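Chemist: Please find one structure pasted underneath; my questions will follow.
Derivation of every value follows stated rules applied to the coordinates shown; laboratory data play no part. Predicted model, so just to flag it, every value in this text is computed and none were measured. Positions of Cβ are backbone-derived with ideal geometry, glycine not excepted, and every protein chain shown enters the neighbour counts.
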Amino acid sequence: MIEPALNHPYWIDQTGAQRPVTAYRRAKMASFLDGMFTYMRLHDWPEAPVRPLIFPEDKIGRGFRGPRPIPESVLAQLDAHLHLLHPYVRNLVEILRVVGLRAEDALHLHENCLDWDAVGDPRLRWYNHKMKREGRPLPVTNEVADAIKRQRELVKNVPDHFSARYLFRTDYGLYKFESLCYQLTALSKKVPLRGPDGEVFRLRPHAFRHTVGTQMLNSGMSIST
C-alpha cells in the first residue's frame, strides 16, 4: 500500500484537479509516514510495522539549490515599472533590493528605523525575527532613506493597532505578505517582465535577498560575512 502511494504520479486537490507529485512532495510524504510509524512503534500499536519501511534515501526530495538572484535584465525592467506598484510595495521593493531583509523583517520595520552613522550616512535599524534579536544596523542608500520617508508620510494618519508604530501598517493591521506577493506577481504578468528565457519572470520577495547576497559575494565580501 505504501509504495504505490509514494510512487503515484499525481494527487487530486480540493477542486478535483490533478497535480503532479514532485520529488520534493514525495520526500515530504515519506518523512511524515516515517514519523507516524515511529510514533506507532513507540506506543506499541498492534498495527505498527515490525521492520523499517522508510529509508533515508526516501526522504531526500532534491539536492542542494544554489542562490537564485533576480537577473539584471529583470531588475532593469522592474525599475522602469515601479510606478505601477501599490505605494507600499514600491517602498518595500526599494528597501528589499538594497538591504536584502527577509520580507517578514521588512514588514515589521518601525517608523523610527532610519538612523545615521557618525559621518551622516543613513543606516537601517531592524529586528531579526528568525534569530529573535536586534539586527546589526545596516548601511543603506539615500534612495532607501527616501522610500522610508515616503512610507512615513503614507502612514502618518493610519491607526496604530499594535502600539508599535510599524512603518507598513494599514487601517486593518500590518500590510500582509500575501498582498506583497500578489502585487509582484500581478506586475510580472501585466508588463510583462521577461526573464532571460523570454518567459514571464515570477518575482518573489525572497529573491531580493538572494540578489543582494549574490551582489555582495561578487563584490568580494566573504561568504561567512
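Chemist: Less than 13 Å Cβ to Cβ from PHE201, Lys/Arg counted +1 and Asp/Glu -1: what total charge do the surrounding residues give?
Modeler: Details: positive: ARG68, LYS189, LYS190, ARG194, ARG202, ARG204; negative: GLU72, ASP197, GLU199.
That works out to +3.
Chemist: If I compute semi-axes √(5λ) of the Cα gyration tensor in Å from the structure I just sent, which labelled value in (1) 41, 22, 20; (2) 25, 21, 18; (3) 38, 27, 18 lines up?
Modeler: (1)
Chemist: I would also like to ask the following. What percent does the relative contact order of segment 72-218 come to when contacts are Cα pairs within less than 8 Å and at least six residues apart? Don't jump to the answer; show the numbers that get you there.
Modeler: Values: 190 pairs, mean separation 42.2, N = 147.
Rounded, it is 29 percent for segment 72-218.
Chemist: If you don't mind, there's one more thing I want to ask. Please return the longest range in the chain lying between exposed loop sites, taking chymotrypsin sites (Phe, Trp or Tyr not before Pro), DSSP loop only, at most 12 other beta-carbon atoms within 10 Å, and leaving the sites out.
Modeler: Between exposed loop sites, the widest span is 65-161.
Chemist: Name the residues whose placed amide hydrogens come within less than 5 Å of the amide hydrogen of ARG194, ignoring near sequence neighbours (fewer than 5 apart) on the same chain.
Modeler: Long-range HN contacts for ARG194: PHE201.
Chemist: Separate question: How far apart, in nanometres, would the label points at ASP44 and ARG150 be if each is projected 7 angstrom from Cα along the Cα-to-Cβ direction?
Modeler: About 6.7 nm separates the two model spin labels.
Chemist: What FRET efficiency do you get for VAL119 and HIS86 if R0 is 45 Å and r is their Cβ-Cβ distance, rounded to the nearest 0.05? If you can, show how the numbers build up before the last one.
Modeler: On the way: r = 35 Å, r/R0 = 0.77.
Approximately 0.85, to the nearest 0.05.
Chemist: Residue-wise, which Karplus ³J(HN,Hα) couplings in Hz belong to segment 47-58, taking 6.51 cos²θ - 1.76 cosθ + 1.60, θ = phi - 60°, and x for glycine or proline?
Modeler: Each residue's phi maps through the Karplus curve to give 8, 4, x, 8, 9, x, 10, 10, 10, x, 5, 6 Hz.
Chemist: Let me ask another. Hey, what number do you get for the chain at 222 nm if only DSSP H runs of n ≥ 4 count, each worth -39500 (n - 2.57), divided across all residues, to the nearest 500?
Modeler: On the way: 8 runs with 95 residues, N = 225.
Value at 222 nm, helices only: -13000 deg cm²/dmol.
Chemist: Taking H placed 1.01 Å from N in the peptide plane, check which residues at least 5 places from ASN128 or on another chain put their amide H under 5 Å from its amide H.
Modeler: ARG133, GLU134, GLY135
Chemist: Find out how many positive minus negative residues lie around ASN128, taking Lys and Arg as positive, Asp and Glu as negative, among other residues whose Cβ is under 12 Å from that of ASN128. Let's see the in-between values first.
Modeler: Values: positive: ARG102, ARG125, LYS130, LYS132, ARG133, ARG136; negative: GLU104, ASP105, GLU134.
Charge balance in the 12 Å sphere: +3.
Chemist: For segment 89-167, which trypsin sites (Lys or Arg not before Pro) are in a loop by DSSP, counting at most 15 other Cβ atoms within 10 Å? The partial results should precede the final answer.
Modeler: Details: sites: ARG90, ARG97, ARG102, ARG123, ARG125, LYS130, LYS132, ARG133, LYS149, ARG150, ARG152, LYS156, ARG165; in loops: ARG102, ARG125, LYS130, LYS132, LYS156, ARG165.
Qualifying residues, ordered by number: ARG125, LYS130, LYS132, LYS156, ARG165.
Chemist: Find me the longest stretch of the chain that has none of the exposed GluC sites (Glu not before Pro), where exposed means in a DSSP loop (not H, G, I, E or B) with at most 15 other Cβ atoms within 10 Å. Could the numbers behind the result be given before it?
Modeler: Details: sites that count: GLU47, GLU199.
After excluding every exposed loop site, the longest remaining stretch is 48-198.
Chemist: How many lysine pairs does segment 75-224 hold where the Cα atoms are under 23 Å apart and the two sit 8 or more places apart or on different chains?
Modeler: Numbers: LYS130/LYS176; LYS132/LYS176; LYS149/LYS176; LYS156/LYS176; LYS176/LYS189; LYS176/LYS190.
Total qualifying Lys-Lys pairs in segment 75-224 comes to 6.
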